[in-house]
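Below is one structure, written out as structure tokens; comments come after it.
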Amino acid sequence: MASKPDFKRLRKRLFPEGTDGLGSTTAPEWPPDLFAFAALCAEELGVYAEYAFNAGWDTEGYAFDNAHLAEVTRLAELWNSNLFTPEPIHEAWNRVMNAREYRRDWRQDIMLMLTVADEASSGVGFQPPPGGLGAYSHIVFQALAEKQQGIDPGLPHLPGSLCWQVPPSVLCVQPKTNTPSVGCTLRSASNNLALLPPASLVATSWLYAAPADTPTPHLNTLLIPFPYRLEGGDFHPVGNPHDPKNSFFTTAQPWLVRSGLDANTVVAFLSAMIVEAERESGTVHAVVLPELALDGETIEQVAAALGARHVELELFIAGILDHDADGRERNCAYTVRYFGGEMAHRWRQPKHHRWKLEQNQIKRYSFGYALDPERDWWECIDVSNRSCAFSVIRPGATIATLVCEDLARFDPVMPVINAVGPTLLVGLLMDGPQWESRWPGRYATVLAEDPGCSVLTVTSLGMIRRSTPPGKSPPCEIALWKEPGAAAESLTLPANHHGLLLALTLAPDPRQTLDRRVDRAGGARLRLSGVQGVKLQTLDDFPDLEVSA
């Protein structure tokens, strides 16, 4: 395909029912569909990296000059004004379709279609300001709202893909939050749309929960590093009859039993923590617990009751041990988006990779009482049906969550994270102290640079304590914060405290594409603007949740 690209064959692959669902072979009328075609061509053929689209120093051979910018803006506005594909795009499409016969240079036509489709989609996935942006951002916003209300919006693949005629079994297109400011990739060529792999590889969702009429730029986030204690027998060997060298381990979360945390007690504890935190912040917008903190059986009850008690709460994230209908264990990130105390959305995102405990980790965490250090021990969880959800948390800002190992493994979810570029990526860990020098700090630094996420990792105090040799004072760095353009910060839990309250603030951060288009919808960054310890004044109702060493 690289020497003689067959664009007609590619068109048939992406549009099996035609570009309009009725067998048409003309240019698509829906911008994300055209973007899917042009972006796939640019990606597979490396068009975006060619000299003409990068040589800004060349006064004659550079394609992305001011005339190009003006034409892209004109065509995008024309497309939004009448909802019909502009004639110059039809002409470019026809030239590309006939490129093999006429041996024309199709590269500039591919990039024109890509950039115009992206610009016509300015602001998609977010609530458009009144009278602002274009028709397609309003259409997509309305369609997302209708889909979430159980109404057929006419876009059959929402919330998994914006495409109308391109099947998600071929590829997906989703809204986008970050455009890389470094490097030269396809991701650098668009501000508003992201090209994603087929849903069979990673099923993505773009979810919207309406903010208040005048949304605050703050996202006050309460971190609760539960469980506070772990014991050596909390991890149990499962064994492997096929390969004794590679065995499996599991846990029944005995820390919940030891702490007497049924659903009602969990709600009371979390609610007490929110009330205490609100003495400092006035409002708590988000609550985050680490990997495997709670269980999948009671989490729905906990989440519903927590939202009912705290109507200003917007977000609840907790690592859970879950079981599917066949009883198979899944290590999940459970997320709830609230609106006025009601659960607007809730989803369980399973972990994509098993934790592998090797000899040095077994010794470090003192798991040798239960797990033979001469073997490799793999987490006994089902990792099928990979998924990743993106949720709008503020105008122009999104959040995504990963579970521990997924932060460190590139395939399959990291290409999706890089393409969409969530404003905030939360990593739920069962890990030791969160230092910049350790593995979470390394991966957070990469993501903060490209695609430009702010990254928050959170672990349990129990795992930190197990990583501390006897007689040593345990460190208390329960979280790590890394934002673009700033050094990573370890966040320390003060002695005898039960959580940390983070003040996160949204700040404008304009984005620019490879062809120098500035995002009309406006980019944003989350900055860490304050950290305070949170301590319950009395533990009379929670006698087993003492955190002192």
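Just so you know, all these numbers are worked out from the coordinates, no wet-lab data involved. All of these numbers come straight from a predicted model, not from anything done at the bench. Cβ: placed from backbone, ideal geometry, glycine included. Neighbour counts: every protein chain shown.
Simple spin-label estimate for D541 and L83 gives 5.3 nm between the two label positions (7 Å along the Cα-to-Cβ direction from each Cα). What's the extension gain from E436 to V383 if we count 0.36 nm per residue and subtract their Cα-Cα distance? Roughly 16.2 nm would be gained on extension. Within the straight-line cut-off of under 26 Å between alpha carbons, the lysines reachable from K245 are K351, K356, K363, sequence neighbours fewer than 8 places apart in one chain being disregarded. The spacing between segment 269-333 and segment 377-406, judged by their C-alpha centroids, is 16 Å. Magnitude of the charge dipole for segment 202-331, about its Cα centre and with charges confined to Cβ atoms of Lys, Arg (+1) and Asp, Glu (-1), is about 240 debye.
Helices in the chain, meaning DSSP H runs of at least 4 residues, each add -39500 (n - 2.57). Divided by all residues, the mean residue ellipticity at 222 nm is -8000 deg cm²/dmol.
By how many degrees, 0 to 90 and rounded to 10, does the Cα axis of helix 31-45 deviate from the longest principal axis of the chain? Tilt relative to the chain: about 90 degrees. For the chain, the share of DSSP beta bridges that are antiparallel, to the nearest 5, is 65%.
Taking label positions 7 Å along the Cα-Cβ direction at both N66 and F410, the computed distance is 4.1 nm, reported to one decimal.
In terms of the ratio Rg/(2.2 N^0.38 Å) built on C-alpha atoms, what value belongs to segment 235-325?
1.37
Using the Cβ-Cβ distance between V257 and I151 with R0 set to 35 Å, the FRET efficiency from 1/(1 + (r/R0)^6) comes to roughly 0.20.
Compute the Cα gyration tensor for segment 67-121, then decide on rounded, prolate or oblate, letting a ≥ b ≥ c be the square roots of its eigenvalues: rounded whenever a/c is under 1.5, prolate when a/b is larger than b/c in the other cases, and oblate in all that remain. Cα axes put segment 67-121 in the prolate bin.
Taking label points 7 Å from Cα along the Cα-to-Cβ direction, E374 and A308 give a separation of 5.5 nm. Cut-off 20 Å, label point 7 angstrom out along Cα-to-Cβ of N246: give me the residues of segment 411-453 whose amide nitrogen falls inside. Counting backbone N atoms under 20 Å from the label point, the list is 411-413.
Relative to the longest principal axis of the chain, what angle (0 to 90°, nearest 10) does the C-alpha long axis of helix 66-82 take? The angle comes out at about 80 degrees. Were the residues from D105 through V182 laid out at 0.36 nm apart, the gain over their Cα-Cα distance would be 24.9 nm.
Here the relative contact order of the chain, from alpha carbon pairs under 8 Å that lie six or more residues apart, stands at 15 percent. Each 10 Å bin from zero up to the one holding the largest Cα-Cα distance in the chain carries the following percent of pairs: 4, 18, 27, 23, 16, 9, 3, 0, 0. So what's the gap between the Cα centers of segment 135-175 and segment 1-60, to the nearest angstrom? Between the Cα centre of segment 135-175 and that of segment 1-60, the gap is 21 Å. Working note: Cα atoms of segment 4-135, range along each principal axis, descending, whole Å: 46, 44, 23. Percent of Cα-Cα pairs more than 17 Å apart in segment 264-309, please. Value for segment 264-309 (Cα pairs over 17 Å): 32 percent. For segment 409-426, putting each phi into the Karplus relation 6.51 cos²θ - 1.76 cosθ + 1.60 with θ = phi - 60° gives couplings of 10, 6, 8, x, 8, 5, x, 5, 4, 5, 6, 7, x, x, 5, 10, 10, 9 Hz, in residue order, rounded to whole numbers and with x for Gly and Pro.
Mind checking the full-extension length gain between T25 and A503? Use 0.36 nm per residue of separation minus the Cα-Cα distance, one decimal, nm.
Residue separation times 0.36 nm, minus the Cα-Cα distance, leaves 166.9 nm.
Post the alpha-carbon centroid distance, segment 191-259 to segment 481-516, in whole angstrom. Spelled out, the Cα-based centre of one part sits 20 Å from the other.
Quick one: if the Förster radius is 60 Å, what FRET efficiency do L45 and R279 give, using the C-beta to C-beta distance and rounding to 0.05?
Plugging the Cβ-Cβ distance into 1/(1 + (r/R0)^6) gives 0.55.
The alpha-carbon atoms of segment 304-448, seen along their principal axes, cover 52, 36, 28 angstrom, with the largest extent given first.
Applying 1/(1 + (r/R0)^6) with R0 = 25 Å to the Cβ-Cβ distance of V446 and Q532, what FRET efficiency is obtained, to the nearest 0.05? It comes out at approximately 0.30.
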